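Asker: Following this message is one structure expressed as structure tokens.
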Amino acid sequence: MSRTLAPGGAGLRTRRLPAWTPVGVGAAAVLLAYLVTAVPGAGGPVRTGVVASLLFVLGLGVLSRVVEGGRVARNRIATTLVYAAFGLALAPLLSITVTLLSKGTERLNGYFLSVSMHNVGAFDDAGGAYHAIMGTLEQAGIATLITVPLGVLGAVYLVEYGRGPLATLIRFFVDVMTGVPSIVAGLFVLAFWVLIISPMLNNGRPEYSGFAAALALAVLMLPTVVRSTEEMLRLVPGPLREGAYALGIPKWRTIMRIVLPTAAPGIVTGIMLSVARACGETAPVLLVAFGTDSINLDPFSGGQMSLSLYVYQQAGVASKYAPGRAWAGALTLVVLVLTLTVAAKLLARRSKLAR
Amino acid sequence: MSQRSLTTTPADAPTTGGGGGLPRGRRFGVERVFRGLATVAGSTILVIIVAIAIFLIVKALPALRANSENFFTFPSWFADSSPPRFGIAAIAFGTVITSALAMLLAVPVAVGIALCLTHYTHRRIATTLGFFIDLLAAVPSVVFGLWGRDYLAGPVADLSAWLHANLGWIPLFGGAGPYGRSILLGSIVLAIMVLPIVTALTREVFLQTPEENEEAALALGATRWEMIRTAVLPYGRPGIIASVMLGLGRALGETIALALTLGAVYNVSFDLLGTGGNTIAANIALRFGEANPIGRSALIASGLVLFAITLVVNMTARLIIYRRREFVGSAA
């Protein structure tokens, strides 16, 4: 696009502001905002930023309107707002990252990772999250063991076998079920497992357990695993299956030996993402595993902690050491979740099936 | 759609043919078993949905029977006292107002980001920037809650004081403080949490806009914004609505972040700034620890209401998406 000015504005081209205008207006807005808000009592960097942004939009809009006309001015304002929206979203991400790193590293060390809260009073400068880490790993592990066969087979049904109203119904409710709140999944397992099944196994007394938490996490993971696996299976080229059929290989073997291995990296990506989500869930674990201060490695009996629940519990303790423990737990949790997420994304990039 | 052509399985195929037909017996028995297993696995989803409804109803009934107040209109929660008195009026109201405010804050920003990623930046840069938004989605809700309570509360309290001083005549900003855990704080945290979800969904919608429409608009001399307003947004409207509803479904059910940032007060009030706010989900998390059997049952009853609401919201959103998909499919 040429930026030459049409003589007298009478040509086909309208007059355009030079390319450096937004930068210039921005600098002027910041300067002006600083002067206005630097008056004692009116300051604060946030307020300077807000005033500068408003001045920038206003200044650029008016300038563009005068020189370039209303349509171009509106376009410039829209562009500014769209980029501003992006900056607005990055601000909390930045703030959370900085807070996590600064507060979380205060207590995060080998000691924190290797001891539990057993016999640690709320006001002791001690304690760690070993029991919580083990709980999270066990619960997420069991949930994965339950979900993966069910979810992958379910997706196989939807892609390879499912026809007619049953498949349509299942597909619809898989989508709907991805929106079931985690607390409802927790209440469901509370009503079904903790209050009805577990008394039968435990002399009539209901019992919280890590396994119940794993069940609740499985309920949350199942629809996402089915959905992502289904999408990956659909990407497997049809001729690959037809080739196998032509060689006389039965359908189930074709699925097990050809379709699933081809889609495997994508399926694993989906599973890892759903595991990462499950690790971060607090509400269902709170309802059915209840938490404990000591190390309980037996997922089938007695309350069990999880990292997210540990963070929530420490957040509720009124002690000067509790926030440090909560943030250290939060940092551990985020590192765990992000490792899974990033590994899953990297794996997805290596998948041969184009999206 | 090439796998559509594979509907006939070898087992279904006619066995009369040259070579004496396909071998029957063990291998095809396995085929039947495998097919059965897959069908059962697929149906598990339906079983779980139905089971959630049944078990929640069964366990909610004792408390609903024992309740001496109207479950839908009583605003307070004394489910553990005898006789138990509880109702969801206040927490249902809190759920709706917190989620609505969060969507109001999040949707414009999310649509802006989605437009930025699809129509304003280079594709490679957009992938990197989109990754950061996805990172925001990966942060567990308890971390959002902790951050909101310990760090965001300060700036939000300043904002509350400013709003009250300058716009205090609006009832929404009538709260005179002290400013701490308020509906405003909870809604802002919630907005940040649903932002990546709505962004991801609307981004998909905007990517589907036919390029011909966009190019036609530009060829007619439209500026980029006019192109978006006349080609992208109208085409994506059903998709945006569906995305907003899916985000709303998420917001309605969010628990821990709101348990940490709302004031857990049982009253129906439009005051956004003062200590207050409570939601069905947060109430369950906060009350569960000290609940007796009837109290637990009462919490399950409120969870049943939440389940019903989110089910309706999600089903509506999905139906919109499905109708649109059929429409797009027939147009292609």
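Rule-based calculations on the coordinates, nothing more; no lab input. As the structure is a prediction and not an experimental result, all values here were calculated from the model. Ideal geometry is used to build each Cβ from the backbone, glycine not excepted, and the neighbour counts take in all protein chains shown.
Asker: Determine ³J(HN,Hα), in whole Hz, for all residues of region A:107-115 in sequence, where each value follows from phi through the Karplus function 6.51 cos²θ - 1.76 cosθ + 1.60 and θ = phi - 60°; x replaces Gly and Pro.
Answerer: Per-residue couplings from phi come out as 10, 6, 8, x, 4, 4, 7, 10, 10 Hz.
Asker: Turning to a different aspect of this structure: Gaussian network model of chain A, Cα springs within a sub-10 Å range: biggest mean-square fluctuation belongs to which of A:V268, A:V46, A:V335?
Answerer: Result for chain A, Cα springs under 10 Å: A:V46 fluctuates most.
Asker: Moving to a separate point now. Determine, for each peptide in A:236-249, A:47-60, B:89-102, the mean count of other beta carbons within 10 angstrom over its residues, then list the peptides with the highest first.
Answerer: Order by mean packing, descending: B:89-102, A:47-60, A:236-249.
Asker: Need one value for A:89-98: mean number of C-beta atoms belonging to other chains within 10 Å of its residues' C-beta atoms.
Answerer: 6
Asker: Going Cα to Cα from A:K320, which aspartates and glutamates come in below 12 Å? Please leave out same-chain ones fewer than 8 positions away.
Answerer: Excluding near neighbours in sequence, the set is A:D124, A:D125.
Asker: Which value at 222 nm does chain A reach when only helices count, each DSSP H run of 4 or more adding -39,500 (n - 2.57), with the total divided by all residues and rounded to the nearest 500 deg cm²/dmol?
Answerer: -22000 deg cm²/dmol
Asker: Return the long-range amide H neighbours of B:T275 (sequence gap of 5 or more, or a different chain), with a cut-off of under 5 Å between placed amide H atoms.
Answerer: Close amide H contacts, sequence-distant or interchain: B:G180.
Asker: Sticking with this one: Just from its helices, what would the mean residue ellipticity at 222 nm be for chain B, if runs of 4 or more DSSP H residues each count -39500 (n - 2.57) and the sum is divided by every residue, rounded to the nearest 500 deg cm²/dmol?
Answerer: -22500 deg cm²/dmol
Asker: Which whole number gives the average count of other chain Cβ atoms within 10 Å of the Cβ atoms across peptide A:247-259?
Answerer: The per-residue average across the peptide is 4.
Asker: Taking chain A as a Gaussian network, where each spring joins two C-alpha atoms under 10 Å apart, which residue of A:G270, A:G280, A:G179 fluctuates the most?
Answerer: Residue with maximal mean-square fluctuation among A:G270, A:G280, A:G179: A:G179.
Asker: Output the 0 to 90 degree angle, nearest 10, between the alpha-carbon long axis of helix B:26-66 and the longest principal axis computed from the alpha carbons of chain B.
Answerer: 20
Asker: Next question, about the same structure. Bins of 10 Å, beginning at zero and ending with the bin holding the largest distance: percent of Cα pairs per bin for the protein assembly as shown, please.
Answerer: Computed distribution, short to long bins: 3, 13, 22, 24, 19, 12, 5, 2, 0, 0.
Asker: What are the DSSP H helices in chain A that stretch 18 Å or more along their long axis, judged by alpha-carbon atoms, and whose average Kyte-Doolittle hydropathy comes to at least 0.0?
Answerer: Helices meeting the span and hydropathy rule in chain A are A:21-37, A:45-68, A:70-104, A:130-156, A:164-177, A:210-235, A:260-279, A:322-350.
Asker: Hey, can you rank A:339-348, A:81-90 by average C-beta count inside 10 Å, highest first?
Answerer: Averaged packing, sorted descending, gives the order A:81-90, A:339-348.
Asker: Using only alpha-carbon positions, what ratio does the radius of gyration of chain A give when scaled by 2.2 N^0.38 Å?
Answerer: 1.38
Asker: When the Karplus curve 6.51 cos²θ - 1.76 cosθ + 1.60 is applied with θ = phi - 60°, which whole-Hz ³J(HN,Hα) does each residue of region A:286-296 get, with x for Gly and Pro?
Answerer: Calculated HN-Hα couplings, in order: 4, 6, 10, 9, 6, x, 7, 8, 10, 6, 10 Hz.
Asker: Counting only C-alpha contacts under 8 Å and six or more residues apart, can you give the relative contact order of chain B as a whole percent?
Answerer: That works out to 24 percent.
Asker: Further question on the same structure: For region A:191-254 and region A:67-123, compute the distance between their C-alpha centroids and round to whole Å.
Answerer: 35
Asker: Could you pull out every one of the aspartates and glutamates with an alpha carbon less than 20 Å from that of A:K251, ignoring same-chain neighbours closer than 8 positions?
Answerer: Result set, ordered by chain and number: A:E160, A:E230, A:E231, A:E242, B:D12, B:E31.
Asker: When all alpha-carbon pairs of region B:69-173 are counted, what percent fall beyond 24 Å?
Answerer: 54
Asker: Say R0 is 45 Å: what FRET efficiency, to the nearest 0.05, do A:R65 and A:L101 get from their beta-carbon distance?
Answerer: The pair A:R65/A:L101 has a calculated efficiency of 0.50.
Asker: Measure nothing but the geometry: give the 0 to 90° angle between the long axis through the Cα atoms of B:183-207 and the longest principal axis through the Cα atoms of chain B, rounded to 10°.
Answerer: Its long axis makes an angle of about 20 degrees.
Asker: Can you give the angle from 0 to 90° between the axis of helix B:233-253 and the longest principal axis of chain B, with both taken from C-alpha atoms, to the nearest 10?
Answerer: 60
Asker: For B:F86, list long-range residues whose amide hydrogen, built 1.01 Å from N in the peptide plane, is under 5 Å from its own amide hydrogen.
Answerer: Distant-sequence amide H within range of B:F86: B:S68, B:E69, B:F78.
Asker: Over all directions, how big on average is the projection of the convex hull of the alpha-carbon atoms in chain B, in square nanometres?
Answerer: 26.0
Asker: Here's something else I'd like to know. With contacts defined as alpha carbon pairs under 8 Å and 6 or more residues apart, what's the relative contact order of chain A in percent?
Answerer: 20
Asker: Sticking with this structure for a sec: Using θ = phi - 60° and the Karplus curve 6.51 cos²θ - 1.76 cosθ + 1.60, what whole-Hz ³J(HN,Hα) does each residue of region B:220-231 get, with Gly and Pro shown as x?
Answerer: So the J values, rounded to whole Hz, are 7, x, 5, 6, 4, 5, 5, 4, 5, 5, 9, 10.
Asker: Which whole-number percent gives the relative contact order of region A:14-99, counting Cα pairs below 8 Å spaced six or more residues apart?
Answerer: With pairs under 8 Å counted, the relative contact order is 27 percent.
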